[in-house]
1. Please find, among PRO34, PRO30, the residue that is free of Cβ contacts under 8 Å to residues at least 24 places away in the same chain, over 23 Å from ASP156 (Cβ atoms) and touching a helix residue (DSSP H, G or I) at 6+ places or on another chain (Cβ under 7 Å).
2. Tell me which residues, restricted to the stretch 127-137, are open to solvent by 40 Å² or more (accessible area, probe 1.4 Å) and of a type outside the set (Asp, Glu).
3. When you go through SER107, SER39, SER26, SER31 one by one, which is the residue that is over 23 Å from LEU160 (Cα atoms) and buried (at least 19 other Cβ atoms within 10 Å of the Cβ)?
4. What number of residues in the stretch 138-155 are surrounded by 13 or more Cβ atoms within 10 Å (Cβ to Cβ) and assigned to a loop (DSSP other than H, G, I, E, B)?
5. Give me a count of the residues in the stretch 45-56 that are farther than 25 Å from TRP144 by Cα and open to solvent by less than 40 Å² (accessible area, probe 1.4 Å).
6. Can you tell me how many residues within the stretch 1-48 are β-branched (Val, Ile, Thr), part of a loop (DSSP other than H, G, I, E, B) and touching a Leu at 6+ places or on another chain (Cβ under 8 Å)?
7. Among the residues of the stretch 110-126, what is the count of those that are small (Gly, Ala, Ser) and either open to solvent by less than 10 Å² (accessible area, probe 1.4 Å) or over 20 Å from the mean Cα position of the chain (by Cα) (or both)?
8. Can you tell me which of ARG69, ARG87, ARG59 is open to solvent by 50 Å² or more (accessible area, probe 1.4 Å), touching a residue at least 12 places away in the same chain (Cβ under 8 Å) and part of a loop (DSSP other than H, G, I, E, B)?
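The values are calculated or read from the model by the stated rules, or taken from the named source; none is laboratory data. Please read all numbers here as calculations on a predicted model, not as lab measurements. Cβ placement follows ideal geometry from the backbone for every residue including glycine, while neighbour counts extend to all protein chains displayed. Just the protein is used for accessible areas: all its heavy atoms, side chains included, with ligands, DNA and RNA removed. Shrake-Rupley method; radii C 1.70, N 1.55, O 1.52, S 1.80 Å.
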Amino acid sequence: MRLQTTIEIFDYWNRIRGTADAPLKSQVEPSAVPHLLQSLFILEMRGGGDIGFRLAGTRICDLFGRDLRGERFSSLWAHGQHTDIERTAMGVMDHAMPALFNATGYSTVGHQASFEIVMMPLRSPGGACDRLLGAITPAAAASWLEIVPLEFLTLDRSRLLPTHFGKSASAEMRPINEIAAGKSARFGQAMRRMVSHLLSAEAR
């Protein structure tokens with residue numbers, strides 16, 4: 001995690017969750033992070049079993065040249081990655097563990113740019129994680145991003161973000177691309193192994 005927007009929203013999510021694994025969605029106060037709102041999104045699990053945008057900041061909508069509210073999250077990604085991206089987002093909800101994506105965005109005329117995308121689980125009053133708070137941030141400024149819309153994103157790397165561990169655990173973050181491509185049970189097993197490894201590393 002290198003970009004200021006990503007770091008700030010992750011720190012905010014950590015503050016409001018306290019000792020819980022994920023905060024309640026009612027705890028998110030837009031007024032607490034007004035300078036980040038343009039780059040933030042909220043995803044929700046919908047009745048049809050897919051994940052869609054409940055909210056999307058103006059900067060994100062400008063990047064893709066359209067209002068993303070109500071659109072399926074996987075629609076932003078290259079066609080061959082739709083299933084993996086949606087399964088990963090569901091895994092973040094199911095296991096209440098945030099994830100970080102490094103992605104490349106391609107414009108409609110062939111430009112490309114690097115992006116950092118963070119997704120963090122939110123709980124409903126009933127206790128289930130059914131929404132995600134996130135941010136999409138370009139790694140570097142590019143004038144064409146304000147003019148030419150992105151056509152799609154491709155996933156370069158993804159990994160879980162440690163939450164209950166010290167800073168030394170950051171070196172132990174593991175890729176989740178392959179994990180997300182497996183069944184949900186395998187995703188959970190791999191997460192539990194990763195948590196165990198991080199706890200062991202922290203204890204040393």
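1. Going through PRO34, PRO30 in turn, just one is free of Cβ contacts under 8 Å to residues at least 24 places away in the same chain, over 23 Å from ASP156 (Cβ atoms) and touching a helix residue (DSSP H, G or I) at 6+ places or on another chain (Cβ under 7 Å): PRO30.
2. Residues of the stretch 127-137 that are open to solvent by 40 Å² or more (accessible area, probe 1.4 Å), as a first pass: 128, 130-131.
Scanning the stretch 127-137 gives ALA128, ARG131.
3. Numbers: SER39 fails: over 23 Å from LEU160 (Cα atoms); SER26 fails: buried (at least 19 other Cβ atoms within 10 Å of the Cβ); SER31 fails: buried (at least 19 other Cβ atoms within 10 Å of the Cβ).
Result: SER107 is the single residue among SER107, SER39, SER26, SER31 that is over 23 Å from LEU160 (Cα atoms) and buried (at least 19 other Cβ atoms within 10 Å of the Cβ).
4. Total satisfying the criteria: 4.
5. Total meeting the criteria: 4.
6. Counting residues in the stretch 1-48 that are β-branched (Val, Ile, Thr), part of a loop (DSSP other than H, G, I, E, B) and touching a Leu at 6+ places or on another chain (Cβ under 8 Å) gives 2.
7. Qualifying residue count, the stretch 110-126: 2.
8. Result: ARG69 is the single residue among ARG69, ARG87, ARG59 that is open to solvent by 50 Å² or more (accessible area, probe 1.4 Å), touching a residue at least 12 places away in the same chain (Cβ under 8 Å) and part of a loop (DSSP other than H, G, I, E, B).
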